[in-house]
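Enquirer: I'd like to ask some things about the structure below.
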Amino acid sequence: MIDFHRLKAWHFDEVVQRYTVDDTMRYALALGLGRDPTDAKQLRFVNDVPAAPLALPTMAVVLGFPGSWMQDPATGIDFAQIVHGEEQVVWHRPLPPAGTVRARHRVTHIVDKGPGRGATIRYDKTLHDADSDVLLATVTHTTFARGNGGFATAAVPGDAAAPPPVPVPAGAPDLTLDIPTLPQQALLYRQCGDRNPLHADPATARAAGFERPILHGLCTWGIAAHALLAQCADSEPARLRSLYARFSAPVFPGETLRLELFGDGVDVRFRVRAVQRDRVVLDHGHALFSA
């Protein structure tokens, strides 16, 4: 069972990570960029000729990874029952194509949804340039711990729930874009750091209730982000200021994703649907771009 005070004060070591242009290109390739090898705008992220590649802003989610800390029995978290709930990034500076970063993590909110209803655990990562300590991005990761509801007491009630996210508008989207994924997409994305066997091992996936390995939620999130960047910001990374979405269903590698976009290209709402199953997989999406 979760001990609220202990988990809220969980200690994270600072993570220092050096990354190269190869890592930057690998991340973009793992999201499917380069599918059209003549697309000059995609090539800027996956090619180091004639100049260094651009870094996709969403690479902030894989840099400074703290490891599977929720697996530690001392957290009180039922690790087998957790799912990724929400992800938000606010960018303060563009990511350089290579460098060294420092990542600092802290648990910020633990909400008891009630017995049998689970709990949500939110932790933040601030990503800094290692030399100057300039803040590059703030990443907010929310986990839904399905097996941990009911820990709160009258004396220790836990944190208050956050207001619900704004839903996407009703009616037809302003833009619809279909994006195919590769059958090996999860195998590519796991090279960016998340080696959870749920995304690579058929037996593990079946034991978790899936017919086959599923795609990393952050891969789906990154694919959507790149599509938004291309449609709303002419593929200029510095123009993406913030991005949020809630994970509502898994994606199977090889499925087609349908981005449904609402907005003016600056303040954008979106969702993503798995076309073959007509299932919304990212919802309540919100992106802000500089004009």
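The values are calculated or read from the model by the stated rules, or taken from the named source; none is laboratory data. Note that the structure is predicted; figures quoted are calculated from it, not measured. Backbone-built Cβ (ideal geometry, glycine too); neighbour counts: all protein chains shown.
Enquirer: Quick one: which residue in 291, 249, 245 is in the same structural domain as residue 172 (by TED's automatic domain parsing), under 24 Å from residue 184 (Cβ atoms) and part of a loop (DSSP other than H, G, I, E, B)?
Expert: The match here is 249.
Yes or no, residue by residue, for (1) buried (at least 16 other Cβ atoms within 10 Å of the Cβ); (2) in a strand (DSSP E or B):
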| position | (1), (2) |
| --- | --- |
| 88 | yes, yes |
| 94 | yes, no |
| 97 | yes, no |
| 103 | yes, yes |
| 106 | no, yes |
| 110 | yes, yes |
| 115 | no, no |
| 120 | yes, yes |
| 128 | yes, yes |
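Enquirer: Please verify whether residue 154 is more than 26 Å from residue 127 (Cα to Cα), loosely packed, with under 11 Cβ neighbours inside 10 Å, of a type in the set (A, V, I, L, M) and not assigned by TED's automatic domain parsing to the domain that holds residue 243, treating the condition exactly as stated.
Expert: In short, yes.
Enquirer: Does residue 181 count as loosely packed, with under 12 Cβ neighbours inside 10 Å and in contact (Cβ under 8 Å) with a residue 60 or more places away in the chain?
Expert: Against the criterion (loosely packed, with under 12 Cβ neighbours inside 10 Å and in contact (Cβ under 8 Å) with a residue 60 or more places away in the chain), residue 181 does not qualify.
Enquirer: Say we look at segment 1-10 and pick out the residues that are in contact with a strand residue (DSSP E or B) (Cβ under 9 Å, 6 or more places away or on another chain) and part of a loop (DSSP other than H, G, I, E, B); which of these is surrounded by the fewest Cβ atoms within 10 Å (Cβ to Cβ)?
Expert: That would be 9.
Enquirer: While we're looking at this one, here's another question. Taking the condition in contact (Cβ under 8 Å) with a residue 12 or more places away in the chain and surrounded by 13 or more Cβ atoms within 10 Å (Cβ to Cβ), does residue 186 pass?
Expert: It is true that residue 186 is in contact (Cβ under 8 Å) with a residue 12 or more places away in the chain and surrounded by 13 or more Cβ atoms within 10 Å (Cβ to Cβ).
Enquirer: Can I ask one more? Among the residues of segment 77-89, how many are aliphatic (A, V, I, L, M) and modelled with pLDDT under 95?
Expert: Result for segment 77-89: 3.
Enquirer: Continuing with this model, one more query. What number of residues in segment 255-291 are among the aliphatic types (A, V, I, L, M) and either surrounded by 21 or more Cβ atoms within 10 Å (Cβ to Cβ) or without any contact (Cβ under 8 Å) to a residue 24 or more places away in the chain (or both)?
Expert: The number of residues fulfilling the criteria is 9.
Enquirer: So which of 74, 60, 98, 9 ends up being touching a Leu at 6+ places or on another chain (Cβ under 8 Å), at pLDDT 95 or above and among the aliphatic types (A, V, I, L, M)?
Expert: Within the list 74, 60, 98, 9, the selection yields 60.
Enquirer: How many of the residues making up segment 107-161 are among the aliphatic types (A, V, I, L, M) and within 16 Å of the chain's Cα centre (by Cα)?
Expert: Counting residues in segment 107-161 that are among the aliphatic types (A, V, I, L, M) and within 16 Å of the chain's Cα centre (by Cα) gives 4.
Enquirer: If you don't mind, another one. I'm told residue 78 meets every condition in (1) of a type in the set (Asp, Glu); (2) farther than 26 Å from residue 289 by Cα; (3) crowded, with 19+ Cβ neighbours inside 10 Å except one. Can you identify the failing condition by its number?
Expert: It is condition (3) that residue 78 fails.
Enquirer: Could you tell me whether any residue of segment 201-215 is at pLDDT below 95, in contact with a Lys or Arg (Cβ under 9 Å, 6 or more places away or on another chain) and not assigned by TED's automatic domain parsing to the domain that holds residue 44?
Expert: Yes, segment 201-215 contains at least one residue that is at pLDDT below 95, in contact with a Lys or Arg (Cβ under 9 Å, 6 or more places away or on another chain) and not assigned by TED's automatic domain parsing to the domain that holds residue 44.
Enquirer: Across segment 64-86, which residue is nearest to residue 123 (Cα to Cα) among those that are touching a helix residue (DSSP H, G or I) at 6+ places or on another chain (Cβ under 8 Å) and in a strand (DSSP E or B)?
Expert: Going through the qualifying residues, I end up with 84.
Enquirer: Among residues belonging to segment 11-45 that are in a helix (DSSP H, G or I) and more than 20 Å from the chain's Cα centre (by Cα), point out the one that is nearest to residue 187 (Cα to Cα).
Expert: That would be 22.
Enquirer: Something else now. Of everything in segment 207-227, what is of a type outside the set (A, V, I, L, M), buried (at least 21 other Cβ atoms within 10 Å of the Cβ) and out of contact with any Ser or Thr (no Cβ under 9 Å at 6 or more places or on another chain)? Give them in sequence order.
Expert: Listed by number, the residues that qualify are 216, 217.
Enquirer: Do you know which residues across segment 252-288 are under 16 Å from residue 225 (Cβ atoms), at pLDDT 95 or above and not in a strand (DSSP E or B)?
Expert: 266
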